[in-house]
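The values are calculated or read from the model by the stated rules, or taken from the named source; none is laboratory data. Note that the structure is a prediction, hence the values are computed from the model and not measured. Ideal geometry is used to build each Cβ from the backbone, glycine not excepted, and the neighbour counts take in all protein chains shown. For accessibility, only protein heavy atoms count, side chains too; no ligands or nucleic acids. Shrake-Rupley method; radii C 1.70, N 1.55, O 1.52, S 1.80 Å.
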Amino acid sequence: MSTFRSIEELVKSLDREKELLKEMFAKRKSLSFRYDYALEMTEYKEERIRYLIDYGVIRDTGDFLEMEDIYLKFFEDVLEVNEEINVSFVQDYLTRLNENIDYYLKENNEQRKYNYQREVKRCLKNIALTTVRNVMDLKRNMDNTYKNEPNYKIKKTKLVRLDEKRNNIALLIRKSEELIDYGQPVFFRVAMDVQMRNVVSDVKLQLNDSYHNLIEIQKQIIHYLNLIDYQNRIFEKVKKLKYLKDQFLLEEHTSIRSVAAQKNPVWMEPQVGYRIKLSIDNLRTSDEAFQILKKLVARQKNSPKGMKQLADAIPEGYLDGQSQMIDTVNLQEVHNSFMASSTHLFSFVMNYRYRKEVTRGEKLIFFCQLASQYADELRFTDTYEISDEVEYPLIYAK
């Protein structure tokens with residue numbers, strides 16, 4: 001496999017195939033990115049796809065293409081859409097941090113000591129950045145798992161494993177804080193310049209915020225697990241009730257009648273967008289309804305608004321039947337007649353016997369309207385003719 005010789009070559013290659021890589025990244029969750037589709041996006045230049053394969057950007061799996069893991073992880077990390085929570089990176093940074101501190105304390109050359117000090121700063125920043133991203137990924141995965149996973153058993157297992165990862169992240173945060181505060185007191189006393197002090201302060205603040213976020217995530221995971229258990233118990237009860245109902249044993253083995261009699265199910269009914277009409281028979285026979293109606297009538301009589309002002313009567317002249325005739329040409333009728341003829345459209349429109357007098361300009365408009373509105377039912381030819389300085393194509397019925 002070939003390798004890129006410079007960053008410029010890498011950036012140019014990615015920029016040239018940015019549309020292909022964008023589509024492949026968008027479909028990274030599926031295995032449906034066909035080779036033919038990629039060939040279409042590269043203007044059917046197979047050498048461009050082969051170039052990406054040879055340089056390890058994508059890989060060929062037969063009829064499909066996939067993005068290599070190293071580039072896929074790079075894009076996910078930069079765009080912060082990574083779903084994998086890897087705490088080993090923090091442990092690696094802690095190991096490298098201890099190593100560089102040890103090298104710094106043993107080194108006598110000032111220039112090399114400065115390089116080790118700079119590497120320590122970089123490791124501290126990476127520890128904080130990786131921890132913050134892991135916490136963000138953990139929160140996003142937790143919400144996605146609870147909201148989108150259809151299988152409740154898998155959902156519960158995923159949440160338990162996410163809680164384990166949360167515990168590992170919290171453990172690494174405590175290790176990082178202990179290393180900064182107590183693990184290497186000699187180094188942080190000797191090498192604590194202004195820049196190092198700012199880096200340590202920022203890292204401790206980020207780790208502290210991440211730890212508090214982990215506490216909230218732990219509460220949310222416990223809440224989700226309790227909801228899953230509750231929903232599971234409800235589901236099991238529903239299945240048992242369904243079995244008893246199918247076996248006609250529901251009333252015999254449960255107290256459903258007594259429980260239903262104690263409930264008022266009206267509040268559970270969905271709200272309707274219209275007023276519920278009262279029963280006419282009830283209004284006629286109920287004394288309570290009669291008293292309510294008397295109160296409503298008395299309230300309307302005593303209303304300060306009084307009678308509403310009515311509009312004047314409509315004059316009889318407005319009620320006389322009036323109609324207006326519009327004389328137009330029925331293009332559908334012209335089209336039907338043309339489909340039954342054997343001549344071309346222009347000649348047919350010019351010689352058609354209309355029910356009213358039509359000018360030549362109006363016939364030209366009818367010709368254009370028929371050609372555009374019924375194009376699917378017409379056959380356009382490449383032959384053109386001229387009539388009175390008007391050039392037109394020969395159009396026949398299919």
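Points to keep in mind about this one:
- Criterion violated by residue 241 - all others in (1) surrounded by 12 or more Cβ atoms within 10 Å (Cβ to Cβ); (2) within 25 Å of residue 176 (Cβ to Cβ) satisfied: (2)
- Residue-level check: of (1) under 38 Å from the mean Cα position of the chain (by Cα); (2) loosely packed, with under 15 Cβ neighbours inside 10 Å, residue 195 misses just (1).
- Here is the figure for region 155-166: residues that are over 12 Å from residue 85 (Cβ atoms) and either more than 23 Å from the chain's Cα centre (by Cα) or not in a helix (DSSP H, G or I) (or both) total 3.
- Output for region 67-111, where each listed residue is touching a Phe, Trp or Tyr at 6+ places or on another chain (Cβ under 7 Å) and within 30 Å of residue 36 (Cα to Cα): 67, 75
- Residue match in region 131-150 (condition: more than 27 Å from the chain's Cα centre (by Cα), of a type in the set (A, V, I, L, M) and surrounded by 16 or more Cβ atoms within 10 Å (Cβ to Cβ)): no
- Among the residues listed as 121, 125, 106, 113, the single one being among the basic types (Lys, Arg) and within 38 Å of the chain's Cα centre (by Cα): 125
Yes/no matrix, rows are residues, columns are (1) in contact with a strand residue (DSSP E or B) (Cβ under 9 Å, 6 or more places away or on another chain); (2) at pLDDT 85 or above; (3) open to solvent by less than 100 Å² (accessible area, probe 1.4 Å):
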| position | (1), (2), (3) |
| --- | --- |
| 262 | no, no, no |
| 272 | no, no, yes |
| 312 | no, no, no |
| 361 | no, yes, yes |
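- Any chance residue 128 is assigned to a helix (DSSP H, G or I), touching a strand residue (DSSP E or B) at 6+ places or on another chain (Cβ under 9 Å) and of a type in the set (Gly, Ala, Ser): no
- Out of 377, 391, sole residue that is without any contact (Cβ under 8 Å) to a residue 12 or more places away in the chain and charged (D, E, K, R): 391
- Selected residue (criterion: least open to solvent (accessible area, probe 1.4 Å)) from residues of region 342-352 that are modelled with pLDDT of 85 or more and part of a loop (DSSP other than H, G, I, E, B): 344
- Residue 85 being closer than 19 Å to residue 125 by Cβ and either surrounded by 12 or more Cβ atoms within 10 Å (Cβ to Cβ) or in contact (Cβ under 8 Å) with a residue 60 or more places away in the chain (or both): no
- Residues within region 376-389 that are open to solvent by 40 Å² or more (accessible area, probe 1.4 Å) and of a type in the set (A, V, I, L, M), tallied: 1
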